[in-house]
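Accompanying notes for the structure given below.
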Amino acid sequence: MSADERIVEAMGGQARLWVADGDLSAAQELLAEIEARLTRFDPASDLCRLNADPSQAVAVDPIVGGFVGAAIAAGRRSGGLVDSTLGQEIVAAGYGEHWTGPALALDAALSDAPARAVARPARAAGWRSLWVSPERTLVRRPVGLALDSGGIGKGLAADLLADHLRGGRFVLDIGGDLAVDAGDGPGIEVVVEHPLGDAPAHVYRLRRAAIATSGIQRRVWRDRDGAPAHHLLDPATGRPAWTGVVSATAVARTAVEAETLAKAALLSGPLAGRRVLAGMGGVLILEDGRVDVVPALAVVAARAHRAVAR
Amino acid sequence: MKSAAPAARWVATITVIAVLMVFSVLALRVKLGDDPAIGATSASADTSATTSADTTSSDDSASVEDLFDDSTSSDSSSTSSPSSAPTTRAS
């Protein structure tokens, strides 16, 4: 069997699936199912029905339960900066429908944006009120809480498809969240796009990893008051966060983890963002175009530990 | 000199109590995730905790050592790769 590659519209963007030796049909079907269940733009989706359900405890499909589990893990992992329960806030900020194209140039948005400030976790964080059963088939949350699948949904999709294809050599790109497995072959190069320039910001050679980018440059608009807005919200205020970072990329073991770290790094700003990425590495791109490549200290430490143990 | 010893003991006792209180407050803030910088640092350092266990995603046995390929070999002629380099970007 030869390599198979497919490019499809999925999860609010474009997905590119590549496998060296295999058939992607089943993976593509799984991706379509994940999107149908997790989209917040279709009132008939499982996620929308969960958000509208008048009961506190709701029976769900394991994919939806998996998303809730991922949302809890992301909130915990990021100290509350990544909160998937800001569904009402993102609609209030002006992102209530499918994104159809650029509405405002990034430089204009940066020029008009409020003073830069790092984001903070919310005192009454919605993600803390989430509960999911071990089987991922029952969810409890306060009635009225609106879950937003967003980036965590994309990461989960990449991870679930990776589980499906594990053992082979593949690249699964779900709207910029990638799961990569080089199998027994050489590492696979992944380019980190520079949002403000033509040249790549960085190139990683990955073996078995996930990589995700969180950035504000692709979805920028003016809200009803004329203020620039984007989709990455400060949980403490429920408003778009302007931290001085326009793009953050994180490497991790799973795409959900990479997505969580990337978003937390962007929301943390240029200084604290480095600490967020310092474990498994990543890239920060600042408003002035500077590229800050953060080394993977956990990888260095693990290799040093192994070398000493020999 | 006789009165110095009890005073020194009081100072030492108060210092120890103050240090314990500071560390208790810091530990509580990390636990509650109140401070994103503290929480993020803690999360970054905790590489043994993986989201996969909580998300039914990829297995958590993957070592961080397997993330990158640092080999100097560039011979990939016999191995297929994507037609163009995969790219991570905000979407």
Check: Within segment A:200-231, how many residues turn out to be more than 8 Å from chain B (Cβ to nearest Cβ) and more than 30 Å from A:Leu165 (Cβ to Cβ)?
Finding: 11
Notebook entry, point to check: Any residue at all in segment A:236-244 that is in contact with a helix residue (DSSP H, G or I) (Cβ under 9 Å, 6 or more places away or on another chain) and at pLDDT below 90?
Noted result: yes
Next item on the list: Identify the single condition in (1) surrounded by fewer than 22 Cβ atoms within 10 Å (Cβ to Cβ); (2) facing chain B (nearest Cβ under 7 Å); (3) within 30 Å of A:Glu33 (Cβ to Cβ) that A:Ala182 does not satisfy, given that it satisfies every other one.
Entry: (1)
Margin query: Scan segment A:288-301 and tell me whether some residue there is in a helix (DSSP H, G or I), within 20 Å of A:Ala179 (Cα to Cα) and over 18 Å from the mean Cα position of the chain (by Cα).
Written below: yes
Notebook entry, point to check: Within segment A:105-137, which residues are of a type in the set (A, V, I, L, M, F, W, C) and more than 14 Å from chain B (Cβ to nearest Cβ)?
Noted result: A:Ala105, A:Ala108, A:Leu110, A:Ala113, A:Ala115
Checklist line | Residue that is nearest to the other protein chains (Cβ to nearest Cβ) [pool: residues in segment A:160-178 that are of a type in the set (Asp, Glu) and part of a strand (DSSP E or B)] | finding: A:Asp173
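Matching residues to (1) more than 22 Å from B:Thr88 (Cα to Cα); (2) out of contact with any Leu (no Cβ under 8 Å at 6 or more places or on another chain); (3) not hydrophobic (A, V, I, L, M, F, W, C):
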| residue | (1), (2), (3) |
| --- | --- |
| A:Ala15 | no, no, no |
| A:Ser25 | yes, yes, yes |
| A:Phe41 | yes, yes, no |
| A:Ala59 | yes, no, no |
| A:Ile72 | yes, no, no |
Next item on the list: Select from segment A:256-290 the residues that are small (Gly, Ala, Ser) and over 18 Å from A:Gly79 (Cα atoms) and write down the one among them that is nearest to the other protein chains (Cβ to nearest Cβ).
Entry: A:Gly281
Next item on the list: Would you point out which residue out of A:Gly150, A:Gly144, A:Gly94 is away from chain B (no Cβ under 14 Å), modelled with pLDDT under 90 and closer than 26 Å to A:Asp46 by Cα?
Entry: A:Gly94
Next item on the list: For A:Asp21, state whether it is more than 14 Å from A:Ser149 (Cα to Cα), of a type in the set (Asp, Glu), within 14 Å of another protein chain (Cβ to nearest Cβ) and surrounded by 17 or more Cβ atoms within 10 Å (Cβ to Cβ).
Entry: no
Check: Can you find a residue in segment A:64-86 that is surrounded by fewer than 20 Cβ atoms within 10 Å (Cβ to Cβ) and among the polar types (S, T, N, Q)?
Finding: no
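The values are calculated or read from the model by the stated rules, or taken from the named source; none is laboratory data. What you are looking at is a predicted structure, and each value in this text was computed from that prediction instead of being measured. All Cβ positions, even for glycine, are placed from backbone atoms using ideal geometry, and neighbour counts span all protein chains on display.
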